[in-house]
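This report concerns only the one structure given below.
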Amino acid sequence: MNFAELAGLAGGHAEARAIQVAVKLGMFEHLARQPLDDAALARALECDRRATALLGNTMVALGLLDKHDGRFELSAASRRYLLGSSSEYLGDMILFDEALFATWANLEETIRSGTTARAPDMYQSRRDETERFIRAMDSLTRARGDAEWIAEHLDLREVETIADIGGGPGAYMAALLKRWPRLRAAIYDLPGTLEVTRRILAEREPRLASRIDLVRVDYLRDEFPGPVGALFMSNIIHSEDAATNTNLFEKCFRALRSGGLLLVKDHIMNAELTEPRAGAVFSLYLMLTTRGRDYSFEEVSSWLGSAGFTGIARTTLPSPPFTSSIVLARKP
Ligand SMILES: C[S@@+](CC[C@H](N)C(=O)[O-])C[C@H]1O[C@@H](n2cnc3c(N)ncnc32)[C@H](O)[C@@H]1O
């Protein structure tokens, strides 16, 4: 690694924070209407003129705005990813990161003590946090295109019913239902999340609502309703410890029909837990906020095998833009 690479990594928090604040202040939405100079932009944002100009210049330097004759305007990237009206809007994920910025300040303390920096409540204690969390998951999945990739590459022609454990915003089930018109889906999640799921599906996929059942299931306490032909779990095991994940896979096994398919999508790490890089860094976030971390294929396979699954195999999604894999397993 050379100096520039190291300096860029070590100072990355400044760039991240600047983008988060620009999104939170509504800088991109205001510039969607028309290009503005610093005085007009500051007035629109109700912010200080000099400070707004400096933040705007930073966004230009980062490629998120252009500047001509002193007026700021959207770049191609911000038009695509930072306007709420775009189908690839990443802003809700950026606002979630913005809300968690203070949590990262506890990293040193968490490394010393090994305890989380906030209650590992999966953002269920406050309705506004639940909404922000689930909208963030939706935003990330839509901007990156995970659900469309899965729908294109997964062969579900033999499957009549699928349930998404911790399905959150429902993006994966919506994409699968569009690809497989005879399929029916269920989302198993907590009540606070399901309220948000219902709103998101009504906003975005009203025609699919009759084919998706929203079912209150606490995966830590409840058995999973079944029998179902396939079960899907995306970004679930990384929030839980090894004993819980073994137990989750045993519940999956009981809920599946014979011959049924389990699909586990997550960062799936190498045996040393150092690759992919995004997964190693994400494990720090998980340590701050959950009981989990990202797990290796060997770990996930051993839990699946001990639950009774066979034919365990892994497919890695192409990177970039993706950073995760799917582990497939069958109930014999
Ligand atoms: C990281 S999000 C993943 C959402 C979605 N699967 C995705 O990949 O975008 C975790 C999801 O698990 C749900 N969840 C957390 N704890 C749960 C529990 N005990 N029982 C059921 N669902 C839970 C959350 O509400 C949330 O929808």
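Each reported figure results from applying straightforward, stated rules to the coordinates on display, with no laboratory input. The structure presented is a predicted model; accordingly, all values stated were derived computationally and were not measured. All Cβ positions, even for glycine, are placed from backbone atoms using ideal geometry, and neighbour counts span all protein chains on display.
Okay, which of region 142-178 sit inside 16 Å, backbone N to the point 7 Å along the Cα-Cβ direction of R198? Within reach of a label on R198, which here means backbone N under 16 Å from a point 7 Å along Cα→Cβ, region 142-178 contributes 168-170. Site pair A10 and C47 shows an inter-label distance of 2.8 nm when each label is modelled 7 Å from Cα along Cα→Cβ. Remark on D37: its backbone amide H falls under 5 Å from those of F72, a criterion applied only to residues 5 or more positions apart or on other chains, H modelled at 1.01 Å from N. Where Lys and Arg each count +1 and Asp and Glu each count -1, what net charge lies around S258 among other residues with Cβ under 12 Å from its Cβ? My count for the surroundings of S258 gives +4.
Near L214, the amide H atoms lying under 5 Å from its own belong to I187; only residues 5 or more places off or on other chains count, and H is placed 1.01 Å from N.
Placing a pseudo-label 7 Å from each Cα along the Cα-to-Cβ vector at D241 and K24 gives an inter-label distance of 3.3 nm.
Exposed loop sites here are trypsin sites (Lys or Arg not before Pro) assigned a DSSP state other than H, G, I, E or B and surrounded by at most 16 other beta carbons within 10 Å; excluding them, the longest clear run of the chain is 1-117. Here the Karplus curve 6.51 cos²θ - 1.76 cosθ + 1.60, taken at θ = phi - 60°, turns the phi angles of region 263-278 into couplings of 10, 10, 10, 5, 5, 10, 8, 6, 4, 7, 6, 10, 9, x, 4, 4 Hz, with x standing for Gly and Pro.
Each residue of region 3-18 was assigned a 3J(HN,Hα) from its phi angle through the Karplus expression (A = 6.51, B = -1.76, C = 1.60, θ = phi - 60°), giving 4, 5, 5, 5, 4, x, 5, 5, x, x, 5, 5, 5, 4, 5, 4 Hz with x at Gly and Pro. A Gaussian network model of the chain, with springs between Cα atoms under 10 Å, assigns the largest mean-square fluctuation among L317, L140, L220 to L220. When you filter the GluC sites (Glu not before Pro) in region 207-251 for DSSP loop state and at most 12 other Cβ atoms inside 10 Å of their Cβ, you are left with E223. Here the calculated FRET efficiency for S306 and A76, from their Cβ-Cβ distance with R0 = 45 Å, stands at 0.35, rounded to the nearest 0.05. Taking GluC sites (Glu not before Pro) across region 53-149, the ones in a DSSP loop with at most 15 further Cβ atoms lying within 10 angstrom of their Cβ are E88. The H on the amide N of Y295, modeled in the peptide plane, is under 5 Å from the matching H of M269, each at least 5 residues off or on a different chain.
Region 37-71 to region 184-205: how many Å between their Cα centroids? Answer, in whole Å: 38.
For L54 and R216, a Förster radius of 51 Å and the Cβ-Cβ distance give a FRET efficiency of 0.60, rounded to the nearest 0.05.
Across region 85-96, computed HN-Hα scalar couplings (Karplus, 6.51 cos²θ - 1.76 cosθ + 1.60, θ = phi - 60°) run 7, 7, 5, 10, 4, 9, x, 5, 5, 5, 5, 5 Hz from first to last residue, x flagging Gly and Pro. Only lysine pairs 8 or more places apart, or on different chains, with alpha-carbon atoms under 22 angstrom apart are counted in the chain, and they number 5. Annotation for R314 and D155: the two label points, set 7 Å from Cα along the Cα-Cβ direction, are 2.2 nm apart.
A DSSP coil position with no more than 10 other Cβ atoms inside 10 Å describes none of the chymotrypsin sites (Phe, Trp or Tyr not before Pro) in region 63-116. If you plug the beta carbon distance of L284 and R179 into 1/(1 + (r/R0)^6) with R0 = 22 Å, you get a FRET efficiency near 0.05.
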